[in-house]
Amino acid sequence: MTARPPIAMDATPARAMVAALVARARAAQSKYQQYSQAELDEVATAAAWAIMEPSRNRALAELAVKDTGLGNVGDKIIKNHRKTLGLMRDLQHAKTTGIIAEHADTGITEIARPVGVVAAVVPSTNPGATPANNIINAMKCGNAVVLSPSPKGYTTCEALVGYIHQELARIGAPLDLVQMLPAPVTKESSTELMQQADLVVVTGSRANVRAGYSSGKPALGVGAGNVAVIVDDSANVDDAAAKIMASKIFDNATSCSSENSMIVHAAVYDAMLAALSKQGGALLSADEKATLQKTMFPGGHLSSAVTAQSVAKICSIAGLTRPALVAARCLLVEETGAGPDYPFSGEKLAPVLTVYRANDFDHAFETLRSIYAYMGNGHSCGIYSENDAHIRKLGLEMTVCRVIVKQAHTFATGGSFDNGLPFSLSMGCGTWGGNSFSENLHYKHFLNITRIVRTIPAREPSPDEIFGAYRQKHKI
């Protein structure tokens, strides 16, 4: 690693405090980067077991709900288990140190090298699963990690780090490989951490992502979610309704991959609403929708009072008393437009699903584009269809990085055991979402690659091979 200049005598308290953490991380990482692949794998496994062990998983889930007030314990247990197990499956045979590839045809040998100290800024919505995912990826690649947790999720992160330290001690690995900012975490201390680390990984609010990209260090930040799915006239509406409902209500819709809007072809619109009703969806009247809108979007902005809450609690806050609504698993609101004047067209982070009626697929496509022009551009969209032309049109023309086909979006977008995406809690949104990457965050993002370059037989073409056809076509 490159040497860092000494800390100035007039450094702020936050700068000096962060510098001390980073210095300890660098000292630990300088030894850790010499570990063999087998040793790196054991450390990553130890970090994973810290959250996978059932009693610890439950304790972290209970603590997260207690302290953040977001989501529910049962689903967080599933999330912690599933995301960690899936990640370890992805990492099981990955080579992350030493020579990882030799290409005889190009004369290039690739060598995996760690990035150094990773600053990981993590959200309150997933205070256990997200930092665990970042830590495991980073440690698999020979790095140290310093967490900057959200204030609400601090105690969960603190417990997680404690469990990881117990496992690191078990195998004799340096505890300073995993650290976190001390409470209270401030904007100043988080900014200092990002500026002093070698790589910044940010999942959470737009403000945090912007801060990561403005830190002056290489940053991996994700864009805003606002997933919309199309249900066309060829879809199996019962299958679509079951998957959309299971995905939408999971952990009270804390995920950025949770469906926020559903665009349904007119030919199957009534059947789809009936199927959703069987799954526990309840459609609001125009008056009920107006009442809910005042509660969810005071001043046009999403209220934290309803974020990741149950339907019953949202109804209580909004004053909606109709028994069918209070007992529902998800509230449905019909909408016709998108943008600031139609707040239900945006991300809701609650078990509330916006429903649009489309005359045909072209109308559905244009509705989808109008939603993403308002919010969620670059992230992901979904479709339930047997028409491959419709599916390909989304991939070719929609400004999204993932098109999820006939799958429960929350479970599929971040990797699933039955699709090929890497397991992750951070989804890149490309330039459309203001991000530096367009795939799911995975272990390769935590590596530098050194390339040894040897000579090969020359492959220099003649000018005519490159420009001949062009010159002939244009009579040059």
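When the criteria are applied in full, Leu421 meets the requirement of being hydrophobic (A, V, I, L, M, F, W, C) and under 29 Å from Phe250 (Cα atoms).
From the list Thr455, Thr450, the one residue that fits, being in contact (Cβ under 8 Å) with a residue 40 or more places away in the chain, among the hydroxyl-bearing types (Ser, Thr, Tyr) and in a strand (DSSP E or B), is Thr450. Against the conditions (1) closer than 30 Å to Ala94 by Cβ; (2) touching a Ser or Thr at 6+ places or on another chain (Cβ under 7 Å); (3) of a type in the set (Gly, Ala, Ser), Gly434 satisfies every one except (2).
Just checking, does the stretch 244-261 include any residue being of a type outside the set (Asp, Glu), in the same structural domain as Ala350 (by TED's automatic domain parsing), at pLDDT 95 or above and in a strand (DSSP E or B)? So far as the stretch 244-261 goes, yes, one or more of its residues are of a type outside the set (Asp, Glu), in the same structural domain as Ala350 (by TED's automatic domain parsing), at pLDDT 95 or above and in a strand (DSSP E or B).
When Asp239 is tested against (1) in a helix (DSSP H, G or I); (2) within 23 Å of Ala338 (Cα to Cα); (3) charged (D, E, K, R), exactly one condition is not met: (2).
Counting only residues that are at negative phi and in contact with a strand residue (DSSP E or B) (Cβ under 9 Å, 6 or more places away or on another chain), give me the helices (runs of 4 or more DSSP H) lying completely in the stretch 1-119 with at least 3 of them.
13-32
Applying the condition of being hydrophobic (A, V, I, L, M, F, W, C) and modelled with pLDDT under 90 to the stretch 187-230 and asking which residue is nearest to Glu259 (Cα to Cα) yields Ala224.
Scanning the stretch 413-447 for residues being without any contact (Cβ under 8 Å) to a residue 24 or more places away in the chain and within 15 Å of the chain's Cα centre (by Cα) gives a total of 1.
The values are calculated or read from the model by the stated rules, or taken from the named source; none is laboratory data. These numbers were taken from a predicted model, which means no experiment stands behind them. Note that we place each Cβ from the backbone using ideal geometry, even for glycine, and neighbour counts take in every protein chain shown.
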